[in-house]
Amino acid sequence: MTSSGEVMVRAEGLRKSYGTVEAVRGVSLEVDRGQVVVVIGPSGCGKSTFLRCINLLEEPSAGTLQVGDRRIDFSARNSMPHGRDLARFRARIGMVFQQFDLFPHMTALQNVMCGPVIVKKMPKPEAETVARDLLAKVGLAAFTDRFPRNLSGGQQQRVAIARAMAMAPEIMLFDEVTSALDPELVGEVLDVMKQLATDGTTMIVVTHEMAFARDVADHVLVMDAGQVVEQGRAEEVLLRPKNPRTASFLSRFHSTIGERQA
Ligand SMILES: Nc1ncnc2c1ncn2[C@@H]1O[C@H](COP(=O)(O)OP(=O)(O)OP(=O)(O)O)[C@@H](O)[C@H]1O
Ligand SMILES: [Mg+2]
């Protein structure tokens, strides 16, 4: 949750259109090493598209994007990386989605090991050590040999987080990772994310969990209709929003933001 001032991600004027739909209309954001940024806003405002642009699951239509020391200007022709260049770019970024997309035919351990073994050519014993450590860290040391179908949603999501972390990403992106979970399972996943934040992981988190945002975020970015309506220090934006659209969006969550968590 502390920032060293070293920029890990810098998006400037990022845009993404799908045909005539402008999903992201000029979003700029700077994320320093160790910072936790929470992105909020109403459904359809472009949060997922923005995250997917950052790891190039979507090709931005315009703007620039820097991740680590690699900067891409999408207004230039043929700027989108391909092949190994794209793989190298993506390897810097871990992403976890709402639907925990684990490989169903692999155990929790195999799910976490496979990235380092296949992509990074890490020797299997070393990858197994990494994977066991990460599974222990997300509270699943006793579940390493379970297949996804024999794990709860919260446990599967924690495996998915461990799997993304196994690639030692420079930044982690989370897109509503607790939205598909039964309410009683949300806390265990948020706790893992809080721990990652405390450990200094750089994170961009799309979430409707306002208490998490208040307690963990350094910076909050509010989007509406593809644009940034407000961004700043988490307490400022969440407790004293300046923009009426932020205030209106947050009014749905006031009870959650007000109560301090034990
Ligand atoms: N593949 C696609 N093709 C066409 N339009 C899309 C596509 N993906 C998203 N959109 C549109 O882009 C806009 C932004 O969608 P996006 O999924 O980024 O919103 P969001 O803020 O993540 O919403 P939610 O909170 O519901 O997840 C929406 O109007 C959506 O319909
Ligand atoms: Mg979304």
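The values are calculated or read from the model by the stated rules, or taken from the named source; none is laboratory data. Predicted model only: the values in this text are computed from it and were never measured. Positions of Cβ are generated from backbone atoms using ideal geometry, with glycine treated the same way; all protein chains shown enter the neighbour counts. Quick note on the areas: whole protein, heavy atoms, side chains included, nothing else; ligands and nucleic acids left out. Shrake-Rupley method; radii C 1.70, N 1.55, O 1.52, S 1.80 Å.
Within segment 47-61, the set of residues being open to solvent by 30 Å² or more (accessible area, probe 1.4 Å) and of a type in the set (A, V, I, L, M) comprises just one member, L57. Scanning segment 24-46 for residues that are within 12 Å of ligand 1 (Cβ to nearest atom), within 24 Å of L86 (Cα to Cα) and surrounded by fewer than 22 Cβ atoms within 10 Å (Cβ to Cβ) yields a total of 1.
Scanning segment 158-181 turns up no residue that is of a type outside the set (A, V, I, L, M) and touching a Pro at 6+ places or on another chain (Cβ under 8 Å). Taken together, R146, R163, R158 contain a single residue that is outside any helix (DSSP H, G or I) and in contact with a helix residue (DSSP H, G or I) (Cβ under 6 Å, 6 or more places away or on another chain), which is R146. Give segment 118-150 a look and list any residue that's open to solvent by less than 80 Å² (accessible area, probe 1.4 Å) and at pLDDT below 95, or say none. Passing the criteria: none in range.
For K137, indicate whether it is basic (K, R) and over 20 Å from T178 (Cα atoms). No: the conditions fail for K137.
For C53, the conditions (1) modelled with pLDDT under 95; (2) within 16 Å of ligand 1 (Cβ to nearest atom) all hold with the exception of (1). How about segment 202-253: which of its residues are farther than 20 Å from F50 by Cα and of a type in the set (V, I, T)? Answer for segment 202-253, where residues must be farther than 20 Å from F50 by Cα and of a type in the set (V, I, T): just V216.
Assess whether E170 counts as being under 24 Å from A91 (Cα atoms) and modelled with pLDDT under 95. Against the criterion (under 24 Å from A91 (Cα atoms) and modelled with pLDDT under 95), E170 qualifies.
Considering V220, V237, V189, the condition of being open to solvent by less than 30 Å² (accessible area, probe 1.4 Å), assigned to a helix (DSSP H, G or I), away from ligand 2 (no atom under 16 Å from the Cβ) and in contact (Cβ under 8 Å) with a residue 24 or more places away in the chain is satisfied by V189 alone. Is there a residue in segment 67-78 that is modelled with pLDDT under 95 and of a type in the set (S, T, N, Q)? Looking through segment 67-78, at least one residue is modelled with pLDDT under 95 and of a type in the set (S, T, N, Q).
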